[in-house]
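Asker: Below is a structure I'd like to ask you about.
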Amino acid sequence: FIILFDTSSSMGEPYEKNKAMKKVDAAEKILKEDIQSLPELKWKSGLYIYTPAGMMPKTGFETYYDMKLFNKAEFLNAVDKLPNKAKGTTLLHNALYKLNDLLAGLSGKTAIFLFTDGQYTPMGIQRKPLELAQELAEKYDVCFYIISTAKGAAQKRLLNSVASINECSRVIDFYDLHGKPEYFTGVLYVVEEKMIEASKARDKVVGIKLDSVLFDYNKMNIKPEFEDELDALGKFLSENPKA
């Protein structure tokens, strides 16, 4: 997994759930909560910001944990070193352009967690974020998980467009993440627990596993291929009312 973190000036706004905090402080707190909840399963991981300190950056891409085997203690230390003052431009398109070099050296699926408000400063790479994200999705096995602080309609449209480039990408509201690391960790791994308790009367099954139930973008209708799974869940709950 790759985390692209936003420390631009817009992240200096007050955090709506706690006015004493800035958005950048809340984002770092959320990130630490999520990383602390991860087991060490020998993934490769990286942490980068796309808000350069210099006035005329070439890439808009600064490394805090370069792509390597995930080590929880080292990664948390890298999060502690992230800028705690929000300032600078937002070179989102430059970061997506730079991702091509990172992904070219990886194999398997890669989850990209993108902290963003949907704004970007058109400097450096003269290509739009949506175009660059589409190219990455065509070339590599990637899913974009967009952690959004977007307010404006245009910014929300951009992020929804990026999330629609493939079935696994999606927008997650920043304010839904606080204190809920399962939003983050559920993307990376699933704990599958099956338990059967034997008794003289009956076997008690306390678990059922379903695949993700998917919807088309911007639609509320469940896809027909998932109806059988929901029927199985209904049957399970009917037969196990205490589950």
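The values are calculated or read from the model by the stated rules, or taken from the named source; none is laboratory data. Keep in mind that this is a model prediction, so the values were computed, not measured. When we count neighbours, we look across all protein chains shown, and the Cβ atoms used for this are built from the backbone with ideal geometry, even at glycine. Heavy atoms of the whole protein, side chains included, go into the accessibility calculation; ligands, DNA and RNA do not. Shrake-Rupley method; radii C 1.70, N 1.55, O 1.52, S 1.80 Å.
Asker: Those residues that are of a type in the set (S, T, N, Q) and either more than 17 Å from Leu4 (Cα to Cα) or touching a strand residue (DSSP E or B) at 6+ places or on another chain (Cβ under 7 Å) (or both), I need them from region 135-153; list them, please.
Answerer: Hit for region 135-153 is Ser148, nothing else.
Asker: Give me the residue from region 186-243 that is among the polar types (S, T, N, Q) and open to solvent by 60 Å² or more (accessible area, probe 1.4 Å) and, out of that set, modelled with the highest pLDDT.
Answerer: For region 186-243, the residue satisfying everything is Ser238.
Asker: Out of curiosity, is Leu158 at pLDDT below 85 and crowded, with 18+ Cβ neighbours inside 10 Å?
Answerer: So Leu158 does not fit the description; no.
Asker: Of all residues in region 126-155 being aliphatic (A, V, I, L, M) and within 14 Å of Thr110 (Cβ to Cβ), which is most open to solvent (accessible area, probe 1.4 Å)?
Answerer: Ala137
Asker: With the requirement that a residue be of a type outside the set (Gly, Ala, Ser) and under 21 Å from Phe144 (Cβ atoms), what does region 5-23 give you? Before you say what the answer is, go through the steps one by one.
Answerer: Taking region 5-23 as the starting set, the residues that turn out to be of a type outside the set (Gly, Ala, Ser) are 5-7, 11, 13-19, 21-23.
Listed by number, the residues that qualify are Phe5, Asp6, Thr7, Met11, Lys23.
Asker: Limited to region 82-111, what total is found for residues that are in contact with a helix residue (DSSP H, G or I) (Cβ under 7 Å, 6 or more places away or on another chain), surrounded by 20 or more Cβ atoms within 10 Å (Cβ to Cβ) and among the aliphatic types (A, V, I, L, M)?
Answerer: Residues that pass the stated criteria total 3.
Asker: Please work out if Val171 is modelled with pLDDT of 90 or more, out of contact with any Lys or Arg (no Cβ under 6 Å at 6 or more places or on another chain), open to solvent by 30 Å² or more (accessible area, probe 1.4 Å) and not small (Gly, Ala, Ser). Steps first, answer last, please.
Answerer: Values: modelled with pLDDT of 90 or more: yes; out of contact with any Lys or Arg (no Cβ under 6 Å at 6 or more places or on another chain): yes; open to solvent by 30 Å² or more (accessible area, probe 1.4 Å): yes; not small (Gly, Ala, Ser): yes.
Considered against the rule, which asks whether it is modelled with pLDDT of 90 or more, out of contact with any Lys or Arg (no Cβ under 6 Å at 6 or more places or on another chain), open to solvent by 30 Å² or more (accessible area, probe 1.4 Å) and not small (Gly, Ala, Ser), Val171 comes out as yes.
Asker: While we're here: Does region 71-78 include one or more residues that are over 24 Å from Asp176 (Cβ atoms) and open to solvent by less than 40 Å² (accessible area, probe 1.4 Å)?
Answerer: yes
Asker: On to the next question. Of the numbered conditions (1) at pLDDT 80 or above; (2) surrounded by 11 or more Cβ atoms within 10 Å (Cβ to Cβ), Tyr183 satisfies every one except a single condition; which is it?
Answerer: Result: Tyr183 passes all but (1).
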